[in-house]
Structures are given as C-alpha cells and as structure tokens.
Amino acid sequence: MFSKNKTHRFKLTKTIKIVLSLPKNSDVYMGLTILAIEKTLLDIGKPVYDKVIGMLDKSYHCYLTDCYEHPEYLSEVLKKLYGNSHNEIIESINKKLEEFSNKEPIERFLQVIHR
C-alpha cells in the first residue's frame, strides 16, 4: 500500500506541475495577436515591419507586444505611415484573427484598431 500511495502522490504532483505550466488564455490571445501583426507586416516586407517597429519605439517607447494592451498605438502608427492604405493592413490582421474574434480580448483589440 505504501508504494501505491507514493505513486499516487507522484502522479498528483506531476499533474499539478503540468496544469500550473499551461499558459493563461490571456497569454495565448496576446501571442496570437502579436503573431498576426508580425506576419502581416513581414508579408508586406521587412522594411515595412522595421518602419512600424521604429515608429512605435519613437512615438510611444514601446514594442509590438505593447500593442496588445494598447492597440491604438498600432492604429495611429499605421495611419501616420500609410494613410488610407492602413485599412488594408488592419484587414489582413483581422483575417488572421477572425477565428478568435469572439474572444473578448481579441474582439476588443480588433475594435480599437478599426477606429
């Protein structure tokens, strides 16, 4: 019986560690959002990506990861750099996130960048 109990404790401890190491939904949503932004910008071209990153740093002292919490930064930078063409970039990001747009954090992000 002692060995069974020891095995049971090991399994429980292992399960707890696995559960604790799973990312939170908010981390997953942030990762998906940042990947969608990066992929969109890099699909257009590395110079576009570099320009947007540079302008985010210069104007807001931030990086792409900060745009998840402050989508208005990304929206403003895209408007300044690309005028009306920024809508095409935003639509591309939107398409990449469409499957997850029913999730509150991503829905909020998309609403703000569409303003």
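Here Gly83 passes the criteria (1) over 17 Å from Asn25 (Cα atoms); (2) in contact (Cβ under 8 Å) with a residue 12 or more places away in the chain except the one numbered (2).
Of all residues in the stretch 61-88, count the ones that are more than 14 Å from Thr33 (Cβ to Cβ) and hydroxyl-bearing (Ser, Thr, Tyr). Total satisfying the criteria: 2. Taking the listed residues Leu32, Leu97, Leu74, Leu78, the one that is at pLDDT below 95, under 17 Å from His114 (Cα atoms) and either not in a helix (DSSP H, G or I) or not charged (D, E, K, R) (or both) is Leu97, with no other qualifying.
Cβ-Cβ distances below 8 Å connect the following pairs, each with a first residue in the stretch 98-109 that is under 16 Å from Leu35 (Cα atoms), a second residue that is among the aromatic types (Phe, Trp, Tyr), and a separation of six or more residues or different chains: Phe100/Tyr29; Pro105/Tyr29; Pro105/Tyr68; Ile106/Tyr29; Ile106/Phe100; Phe109/Tyr68. Filtering the stretch 52-71 to residues that are within 14 Å of the chain's Cα centre (by Cα) and either hydroxyl-bearing (Ser, Thr, Tyr) or within 15 Å of Arg108 (Cα to Cα) (or both) leaves Tyr63, Thr65, Asp66, Cys67, Tyr68, Glu69, His70, Pro71.
The values are calculated or read from the model by the stated rules, or taken from the named source; none is laboratory data. Predicted model only: the values in this text are computed from it and were never measured. Glycine also receives a Cβ, built like all others from the backbone with ideal geometry; neighbour counts cover every protein chain displayed.
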